Amino acid sequence: MKLHFSGTLQRFVEFDRVLTLPAGTLGETLRRAEERYPQLREVLRDNGGRLRRTHRVVLNGELLPAPDEELVLRDRDTVEILTAIAGG
């Protein structure tokens, strides 16, 4: 499966915009990315280990309003992690 990063998240994955990882659950996929790029964990997760609310997860082009880390992914799936940007 493919895991895409955009915007400011790219600097935490050494500008490796797309990671190809084995399919599993969403949580396993994120942990594999964090193992490869340890600095990513601080940005993706809060102190409780949950995905920060500032990030959006898109699965095959569909926004997941409440991403479940137990969600099973398939080899052909594409997950995008987007960071919400606020301004004023």
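Computed quantities for the displayed model
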read-out	value
Set 76, 56, 41: member being in a strand (DSSP E or B), among the basic types (Lys, Arg) and either modelled with pLDDT of 95 or more or surrounded by fewer than 16 Cβ atoms within 10 Å (Cβ to Cβ) (or both)	56
Filter result (in contact with a Lys or Arg (Cβ under 7 Å, 6 or more places away or on another chain), among the polar types (S, T, N, Q) and either closer than 17 Å to residue 67 by Cα or assigned to a helix (DSSP H, G or I) (or both)) within the stretch 1-38	10
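The values are calculated or read from the model by the stated rules, or taken from the named source; none is laboratory data. Because the structure is predicted, anything quoted here is derived from the model rather than measured. We place every Cβ from the backbone using ideal geometry, glycine too, and count neighbours over all the protein chains shown.
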